[in-house]
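Structure first, commentary second.
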Amino acid sequence: MNHTVTLPDQTTFTTGEGETVLAAAARQNLNLPHSCKNGVCGQCKAELVSGDIQMGGHSEQALSEAEKAQGKILMCRTTAQSDISINIPGYKADALPVRTLPARIESIIFKHDVALLKLALPKAPPFAFYAGQYIDLLLPGNVSRSYSIANSPDQEGILELHIRRRENGVCSEMIFGSEPKVKEKGIVRVKGPLGSFTLQEDSGKPVILLATGTGYAPIRSILLDLIRQDSGRAVHFYWGARHQDDLYALEEAQGLADRLKNARFTPVLSRPGEGWQGRKGHVQDIAAQDHPDLSEYEVFACGSPAMTEQAKNLFVQQHKLPENLFFSDAFTPSSS
């Protein structure tokens, strides 16, 4: 049975039988705040104003008992049992439209186990996005995978994606395999922009940026956008990996930080080789060591679910970070 969901600006959409609020919104091209889609990150928290819902498993990871008592829900785990009305913190009624459009693969550059794809989009109407957002890459065989946009929003007509090779991954085989289906000059489709992992434009607070692996991609977009703005915000970017080769754009990352007025870059390795002169450990631990009091900061973390979850718990519970100023985009690998 279908039910109607009403948003704060009175926008409405319908949910199907057993369909979560977040999935129904995405199906109807509404980009509601979210990240992991698995009930872990808490980015899709909302408040139930009226109606009946059912919330599925894993919600206890991101919602406290007190929040549940206050009527808080996770849209990625909530199915409507009647018509409902919800209030969403940070909801933007003027969010950019979600569109599906073709893209030509202009180039593929391989760095270590990462493919850097540059896609050319149709010139009209222009594709707009906010730094930090992502797209769904729609591939042959009805395969869909989500990837963050790595370039600046002012680069019209271009999308850059950073795709890590995963053993036995369907998308990886299409790009890295001996007979790749995704090649230069080929045509794919993209759907977006999606996600709410974006800087708060009305804030001047100092910013901590954390990334592991290809979590560098949306952070790169954010840094490029700050450079375009000639921003003077204090920024400290930590990029972590196991081995130095995994920091596939190390010199570029340092160069981006150098182009900002008040930014620092700290690479971190958890399994460094003998010649490594940088910091050793995990990005969240190193950031906490450098910034024992985060009460005046905003934190943006992108990468593995383990990193984002540990960073949030550490910063909020031990380093005074307000919980609502931790923003994450957790990369959850597909099972195929």
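The values are calculated or read from the model by the stated rules, or taken from the named source; none is laboratory data. As the structure is a prediction and not an experimental result, all values here were calculated from the model. Glycine also receives a Cβ, built like all others from the backbone with ideal geometry; neighbour counts cover every protein chain displayed. Keep in mind that these areas ignore ligands, DNA and RNA; they rest on the heavy atoms of the full protein, side chains included. Shrake-Rupley method; radii C 1.70, N 1.55, O 1.52, S 1.80 Å.
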Quick query: amide H of ARG242 versus all other amide H atoms, modeled in the peptide plane; which residues come in under 5 Å with a sequence gap of 5 or more or a different chain?
SER270
Looking at the square roots a ≥ b ≥ c of the eigenvalues of the Cα gyration tensor of segment 99-215, which shape do they give, rounded for a/c under 1.5, prolate if a/b is larger than b/c, or oblate?
oblate
Sequence ranges 77-86, 271-280, ranked by mean other-Cβ count within 10 angstrom, highest first
77-86, 271-280
Whole-number percent relative contact order across segment 202-294, with pairs defined as alpha carbons under 8 Å at least 6 apart
28
Place the peptides 297-309, 106-118 in order of packing, highest mean first, counting for every residue the other Cβ atoms within 10 Å and averaging per peptide.
297-309, 106-118
HN-Hα J in Hz across segment 33-39 - Karplus 6.51, -1.76, 1.60, θ = phi - 60°, x for Gly and Pro
x, 5, 8, 6, 6, 10, x
Of all accessible surface on the chain at a 1.4 Å probe, what whole percent is carbon and sulfur?
46
³J(HN,Hα) across segment 157-166 via Karplus (A = 6.51, B = -1.76, C = 1.60, θ = phi - 60°), whole Hz, x for Gly/Pro?
x, 10, 10, 10, 10, 10, 10, 7, 6, 10
Going down the table (LYS280/LYS312; LYS37/LYS118; LYS118/LYS320; LYS185/LYS261), which pairs top 30 Å between alpha carbons?
LYS118/LYS320; LYS185/LYS261
Highest average packing first - 181-187, 324-330, Cβ atoms within 10 Å:
324-330, 181-187
Note to self: with every protein chain in place and a 1.4 Å probe, the chain gives an accessible area per residue in Å² of 47
Compute the separation of the alpha-carbon centres of segment 70-142 and segment 173-247 and state it in Å as a whole number.
14
Take the alpha carbon gyration tensor of the chain, find the square roots of its eigenvalues, order them as a ≥ b ≥ c, and report rounded if a/c is under 1.5; if not, report prolate when a/b exceeds b/c, else oblate.
oblate
Diffusion coefficient, µm² s⁻¹, Stokes-Einstein with Kirkwood Rh over alpha-carbon pairs of segment 207-330 at 10 °C and 1.306 mPa s:
111
